[in-house]
Amino acid sequence: MIALRVYLAVLLAAVIFYTGIVGVQYGWNLLPIFLSEIAALTWQGQFNLDFMCLLSLSGLWMAWRHGFSLSGIALGILGFFGGIVVLAAYLLFAAAEAKGDMKVLLLGKARSGG
């Protein structure tokens, strides 16, 4: 589980650093660029659509893990828009809380019986 935590921390740091550089150089208005590529039916658009599907799956998993409670739904929405920054931070917290139990990490305490 320690390797997972290190990996998540590296992902988190790398994406925050990269995002900061890109945001300063090109601005923070990603959504129109992201969606216009999908609408143009380009390979970049295909990648963006695939990525958006992964984001939605990530957000749905976080919401499901919290029983689709109001806070779980809010977390899922945040995960969808926040990407790996939110998911990695969430998994770092959840991994520490699970204390090495992968069943608890993936399902949450309520669903895993833990």
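The values are calculated or read from the model by the stated rules, or taken from the named source; none is laboratory data. What you see is a predicted model, and the numbers here were worked out from it, not measured in a lab. Note that we place each Cβ from the backbone using ideal geometry, even for glycine, and neighbour counts take in every protein chain shown. The accessibility values were calculated without ligands, DNA or RNA, using every heavy atom of the protein model including side chains. Shrake-Rupley method; radii C 1.70, N 1.55, O 1.52, S 1.80 Å.
The table below lists the values:
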read-out: Residue match in segment 39-54 (condition: in contact with a helix residue (DSSP H, G or I) (Cβ under 8 Å, 6 or more places away or on another chain), among the small types (Gly, Ala, Ser) and at negative phi); value: yes
read-out: Residue count for segment 23-32, restricted to those that are farther than 15 Å from PHE81 by Cβ and either surrounded by 12 or more Cβ atoms within 10 Å (Cβ to Cβ) or touching a Phe, Trp or Tyr at 6+ places or on another chain (Cβ under 7 Å) (or both); value: 0
read-out: Conditions (1) at pLDDT below 95; (2) under 19 Å from the mean Cα position of the chain (by Cα); number of the one not met by LEU35; value: (1)
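Per-residue answers, yes or no, for (1) open to solvent by 60 Å² or more (accessible area, probe 1.4 Å); (2) touching a residue at least 24 places away in the same chain (Cβ under 8 Å); (3) among the charged types (D, E, K, R):
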position: HIS66; (1), (2), (3): yes, yes, no
position: GLY83; (1), (2), (3): no, yes, no
position: GLU97; (1), (2), (3): yes, no, yes
position: GLY100; (1), (2), (3): no, yes, no
